[in-house]
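Here is the structure we will look at.
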Amino acid sequence: MISHNIVAAPADHKRINTEVPPVTAVSFFSGALGLDLGMERAGISSLLYCENDLKCRMTISLNRPDAALLGDIRKLKAGDIFDYARVSSGRGIDVMFGGPPCQAFSTAGARRAFDDERGNVFLSFINLAAAIKPKYLVIENVRGLLSAPYPSEEGGDPVRHGAIRLVLNKLSEMRYRVSFNLYNAANFGAPQIRERIVLIAKREGQPMPWLTPTHCNVEEWGLSPWRTLRDACESIQETEMHSSQFPEKRLRYFKMLTEGQYWKDLPAEMQADAMGKAYLLSGGKTGFYRRLSWDKPSATLVTSPTMPATDLCHPTEDRPLSIEEYAAIQEFPPDWKFCGDIADIYRQIGNAVPVALGEAIGRGILADMAGKKPDERFSSFPYSRYRFTNHLNWEQR
């Protein structure tokens, strides 16, 4: 992995190549291109990226300079997309995909949903899709989208499930058939426990089947076992690591813990002092003073490995996971270039969709385009650890 701290800020620009591929795809909220890389691995390459964050735009420009690049989605019209992607409106877009900012729906935040500016760009994405009319529309988001409250009528009180209901109603009005599920990326080969909603809206035919898993931690499904942190980092053991640091006060406690342990494994008389005010909070608080295990998938990567409630400490070294380890866990190519300082790079990688999950989405879409039937063996597969998280049962939550 190569980092570039100083590059020219890229301007919006059209795609250089004018050839139109068999499958046309455009990407929004593209970030560092984790989802895009996965789609590429499946055989779907983005012709256009839309990203407003400066450091992410630099990363995109360095790695995919020939693709079109656009900025603020709120200012775009369908004609801009066809023009910059160099695809005629008559040919159309086959796949439009993106992960709108999730903070407005996260259970860890204020959950303002569409009253949050970040929630509003979610609606901008859907409104733009209504104008572009892609054959498949892919929306990736956090689990909190399923329960985020929002008024069911203008001026009304927020109701549970209000946000997802609004999204589904809009897509229905756009004549899309929708399927979704909460997927653990580890079930598709990612060396990481990361659960995300993937909603796929389809213009014609039956709703898109659920994705086909390739890995599982239960042998009865006959799949490969989950990939581990060791699997992810094996090829970079000799690589120079760059990481942020834990504050000295917290590092004192990390030094008392071994692989796989967390704050409850500290001496009982030290736990209250180590945890401070968090000691009295409810819940298991499993992210505090957490050392990862080599022989398990990584915990979910976040935008910083040193946030107290979501620590991501190396299994055996007294430091957080490095940006090199972050990139390996998300499966970015070894020569991928990230722009910005170390905090920028952690954020870009932590926000990315695991490449393996992106590939599973791409494979599923191409199989559906080809008319392939889903594998009925997986109709009851445990895609995540939660119940009532798919389009058939979500209202039972």
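Any read-out appearing in this document is the output of simple, stated calculations on the displayed coordinates, not a laboratory observation. Worth saying up front: this structure is predicted, and the values here are computed from it rather than measured. Here the Cβ is made from the backbone with ideal geometry for all residues, glycine too, and neighbour counts use every protein chain on show.
Using DSSP to call loops (not H, G, I, E or B), can you name the trypsin sites (Lys or Arg not before Pro) in region 353-384 whose Cβ has at most 15 other Cβ atoms within 10 angstrom?
Qualifying residues, ordered by number: 372.
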Next item on the list: First measure r as the distance between the Cβ atoms of residue 66 and residue 282, then evaluate 1/(1 + (r/R0)^6) with R0 = 45 Å and state the FRET efficiency to the nearest 0.05.
Entry: 0.30
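Report the charge-dipole magnitude of region 132-213 in Debye, nearest 20, computed about the Cα centre from +1 at each Lys and Arg Cβ and -1 at each Asp and Glu Cβ.
The dipole magnitude comes to about 340 debye.
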Margin query: Would any residue of region 303-323 have its amide N under 11 Å from a label point 7 Å out along Cα→Cβ of residue 255? List them or say none.
Written below: 318
Check: Hey, which lysines would be in cross-link range of residue 264, C-alpha to C-alpha under 28 Å, not counting anything within fewer than 8 residues on its own chain?
Finding: 249, 255, 277, 285, 296
Check: Once fully extended, how much extra length lies between residue 154 and residue 318, figured as 0.36 nm per residue of separation less the alpha-carbon to alpha-carbon distance?
Finding: 53.8 nm
Checklist line | Pair residue 16, residue 80: separation of 7 Å Cα→Cβ label points (nm) | finding: 2.3
Checklist line | Segment residue 396-residue 219, length gained on full extension (0.36 nm per residue, minus Cα span) | finding: 60.8 nm
Next item on the list: Work out the P(r) tail for the chain: percent of alpha carbon pairs separated by more than 37 Å, whole number.
Entry: 22
Check: How far apart, in nm, are two points set 7 Å out from the Cα along the Cα-to-Cβ line at residue 370 and at residue 304?
Finding: 4.6
Next item on the list: Might you report the magnitude of the Cβ-based charge dipole of the chain about its Cα centre, with Lys and Arg at +1 and Asp and Glu at -1, to the nearest 20 debye?
Entry: 960
Notebook entry, point to check: Counting other Cβ atoms within 10 Å, which GluC sites (Glu not before Pro) in region 294-326 have at most 14 and lie in a DSSP loop?
Noted result: 317
Note to self: Highest mean first, how do 206-216, 385-395, 30-40 rank when packing is the count of other Cβ atoms within 10 Å averaged over residues?
What the structure shows: 30-40, 206-216, 385-395
Margin query: As I understand it, the dipole of the chain uses +1 on the Cβ of Lys and Arg and -1 on the Cβ of Asp and Glu, about the Cα centre. Which of 17, 139, 67 lies farthest toward its positive end?
Written below: 139
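Set the Förster radius R0 to 56 Å, insert the Cβ-Cβ distance between residue 54 and residue 230 as r into 1/(1 + (r/R0)^6), and round the FRET efficiency to 0.05.
Calculated transfer efficiency: 0.95.
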Next item on the list: Identify, among 253, 178, 352, the residue whose Cα sits farthest towards the positive end of the charge dipole of the chain, taking +1 on the Cβ of Lys and Arg and -1 on the Cβ of Asp and Glu, with the dipole about the Cα centre.
Entry: 178
Notebook entry, point to check: residue 377 versus residue 4, label points 7 Å from Cα toward the beta carbon: distance in nm?
Noted result: 4.4
Next item on the list: Give the residue from 191, 167, 343 lying farthest towards the positive end of the charge dipole for the chain; charges sit on Cβ (+1 for Lys and Arg, -1 for Asp and Glu) and the dipole is referred to the Cα centre.
Entry: 167
Item checked: Taking the C-alpha atoms of region 235-337, convex hull volume expressed per residue in Å³ -> 108
Item checked: Cα-Cα over 19 Å, subset of 14/75; 202/372; 55/337; 14/135; 133/202; 135/372 -> 14/135
Next item on the list: Using 0.36 nm per residue of separation minus the Cα-Cα distance, give me the extension gain between residue 387 and residue 242 in nm, one decimal.
Entry: 48.3 nm
Next item on the list: About the Cα centre of region 292-331, how large is the charge dipole given +1 on each Lys and Arg Cβ and -1 on each Asp and Glu Cβ? Please answer in debye to the nearest 20.
Entry: 120
Next item on the list: Output the Kirkwood hydrodynamic radius of region 137-272, Cα pairs only, in Å rounded to one decimal.
Entry: 19.4
Margin query: Under 19 Å from a point placed 7 Å out from the Cα of residue 131 along the Cα-to-Cβ direction: which residues of region 53-79 have their backbone N that close?
Written below: 68-79
